[in-house]
Amino acid sequence: MARKLIGALREEKVDHLLVTGDLTLSGEASEFERALELLAPFAREGKLTVLPGNHDVWSREAAATHRFLRAIGPDGKGMKKPYQAYPHKVDLSPEVVLIGLDSARFGEEPLESPGWLGSDQLARARDLVRDAAKEGKAAVLALHHHLMIPPERVASDAKLARMPLYDADKLVRLCAESPVAAVLHGHRHAAFRLEIPGPSRPTPVICSGSASRLHDEPARRPRALIHQLDRTGLRATDTLVASSA
Ligand SMILES: [Fe+2]
């Protein structure tokens, strides 16, 4: 499914591919190798941003050896000497800046371990958003974990371990105080969009859903979202759904 979706994105000639984490099920080296192979065309062209998900730090060994950073890293090229690479800022165009965050944290009980950004990362993200605003650019924030679940999804998601973002309230506050064009995330296996307050207008928060999990419910079908942005913010979002065949 992922291969099909990536092929369709190549045909669409998107400017940049953002992968919002959970490239693997359990952070195995062989899983990262397969993910890297799929993403290589975008990585080679410098058109790729990847964020770690909770599954990518699922095991103590994967987390302790920085397997995600070594194998993939923020640009899909891997890091020989891993360091804290997030916030990862990418100039998508002269008008739009992408700021990728790392919310994935190892926990002894993976199904009960929340994501966490931390005050240092949040402060750096806020500075990057404010810098973009001063330059007249739109800033897009991206992370793996959801900030909140919309009411229409609460019932069906209630049976799932939610593994929320521990400091989601601080990210909501950042968006309320500084202009963020959109918050893009993954983690939930359903596509949805909600809005949170912004300094002058609402901030869209968009979950792309899963790219590779078969499901009958329309919102849970494997998909990619194609966003159009300029200095004024998010202009449009189209959905690219991989066929279930
Ligand atoms: Fe996740």
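The values are calculated or read from the model by the stated rules, or taken from the named source; none is laboratory data. The structure presented is a predicted model; accordingly, all values stated were derived computationally and were not measured. Don't worry about glycine lacking a Cβ; one is built from the backbone with ideal geometry, like all the others, and counts go over all protein chains shown. In case anyone asks, the SASA skips ligands and DNA or RNA and just uses the protein heavy atoms, side chains included. Shrake-Rupley method; radii C 1.70, N 1.55, O 1.52, S 1.80 Å.
Residues Pro110, Pro74, Pro41: which one is touching a residue at least 24 places away in the same chain (Cβ under 8 Å) and touching a strand residue (DSSP E or B) at 6+ places or on another chain (Cβ under 6 Å)?
On the way: Pro110 fails: touching a strand residue (DSSP E or B) at 6+ places or on another chain (Cβ under 6 Å); Pro41 fails: touching a strand residue (DSSP E or B) at 6+ places or on another chain (Cβ under 6 Å).
On inspection, the qualifying residue turns out to be Pro74.
Give me a count of the residues in the range 116-131 that are within 12 Å of Lys170 (Cα to Cα) and not aromatic (Phe, Trp, Tyr). Before you say what the answer is, go through the steps one by one.
Of all residues in the range 116-131, those within 12 Å of Lys170 (Cα to Cα) come to 116-123, 125-126.
Add one more test, that the residue is not aromatic (Phe, Trp, Tyr), and what stays is 117-123, 125-126.
Selection size over the range 116-131: 9.
Check the range 40-51 and report whether any residue there is assigned to a loop (DSSP other than H, G, I, E, B) and farther than 25 Å from Asp230 by Cα.
We begin by selecting, within the range 40-51, every residue assigned to a loop (DSSP other than H, G, I, E, B); these are 45-47, 51.
Subsequent filtering for residues that are farther than 25 Å from Asp230 by Cα retains none.
No - not one qualifying residue is present in the range 40-51.
Taking the range 60-81 as the search range and keeping residues that are outside any loop (DSSP other than H, G, I, E, B) and of a type outside the set (A, V, I, L, M, F, W, C), which one is surrounded by the most Cβ atoms within 10 Å (Cβ to Cβ)? Show your work before the answer.
Kept after step one, since they are outside any loop (DSSP other than H, G, I, E, B), are these residues of the range 60-81: 60-64, 67-71.
Retained after the next criterion (residues that are of a type outside the set (A, V, I, L, M, F, W, C)): 60-61, 67, 70.
On the way: Arg60: 12, Glu61: 12, Arg67: 22, Arg70: 15.
That would be Arg67.
Might you let me know whether the range 130-145 holds any residue that is farther than 20 Å from Trp58 by Cβ and within 16 Å of the ligand (Cβ to nearest atom)? Full working, then the answer.
Going residue by residue through the range 130-145, those that are farther than 20 Å from Trp58 by Cβ are 130-142.
Checking the rest, the ones that are also within 16 Å of the ligand (Cβ to nearest atom) come to 142.
Yes, that holds for at least one residue.
Out of Ala125, Ala85, Ala133, I need the residue that is modelled with pLDDT of 95 or more, touching a Pro at 6+ places or on another chain (Cβ under 6 Å) and assigned to a loop (DSSP other than H, G, I, E, B). Which one? Don't jump to the end; show me each part of the working.
Values: Ala125 fails: assigned to a loop (DSSP other than H, G, I, E, B); Ala133 fails: assigned to a loop (DSSP other than H, G, I, E, B).
Residue meeting the stated conditions: Ala85.
Can Glu95 be described as among the charged types (D, E, K, R), away from the ligand (no atom under 16 Å from the Cβ) and out of contact with any Lys or Arg (no Cβ under 7 Å at 6 or more places or on another chain)?
On the way: among the charged types (D, E, K, R): yes; away from the ligand (no atom under 16 Å from the Cβ): yes; out of contact with any Lys or Arg (no Cβ under 7 Å at 6 or more places or on another chain): no.
No; evaluated as a whole, the condition is false for this residue.
Given the structure, is Val57 closer than 21 Å to Ala182 by Cβ, open to solvent by less than 30 Å² (accessible area, probe 1.4 Å) and under 17 Å from the mean Cα position of the chain (by Cα)? Before you say what the answer is, go through the steps one by one.
Details: closer than 21 Å to Ala182 by Cβ: no; open to solvent by less than 30 Å² (accessible area, probe 1.4 Å): yes; under 17 Å from the mean Cα position of the chain (by Cα): yes.
Here the answer is no, as Val57 does not meet what is asked.
Inspect the range 40-57 for any residue being on the phi > 0 side of the Ramachandran plot and away from the ligand (no atom under 16 Å from the Cβ) and give the result as yes or no. Even if it seems obvious, please write down each step before you answer.
Step one: list which residues in the range 40-57 are on the phi > 0 side of the Ramachandran plot, which gives 46.
Remaining after also requiring away from the ligand (no atom under 16 Å from the Cβ): 46.
Among the residues of the range 40-57, at least one is on the phi > 0 side of the Ramachandran plot and away from the ligand (no atom under 16 Å from the Cβ), which makes the answer yes.
Matching residues to (1) loosely packed, with under 14 Cβ neighbours inside 10 Å; (2) within 17 Å of the chain's Cα centre (by Cα):
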| residue | (1), (2) |
| --- | --- |
| Ile206 | no, yes |
| Ser212 | no, yes |
| Glu217 | yes, no |
| Arg220 | no, yes |
| Thr237 | no, yes |
| Val241 | no, no |
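Quick one: which of Ser103, Ser93 is assigned to a loop (DSSP other than H, G, I, E, B), touching a residue at least 24 places away in the same chain (Cβ under 8 Å) and buried (at least 19 other Cβ atoms within 10 Å of the Cβ)? Even if it seems obvious, please write down each step before you answer.
Working: Ser93 fails: buried (at least 19 other Cβ atoms within 10 Å of the Cβ).
The conditions single out Ser103.
Could you please let me know if Ala71 is more than 16 Å from the ligand (Cβ to nearest atom) and modelled with pLDDT of 95 or more?
Details: more than 16 Å from the ligand (Cβ to nearest atom): yes; modelled with pLDDT of 95 or more: yes.
Answer is yes for this residue.
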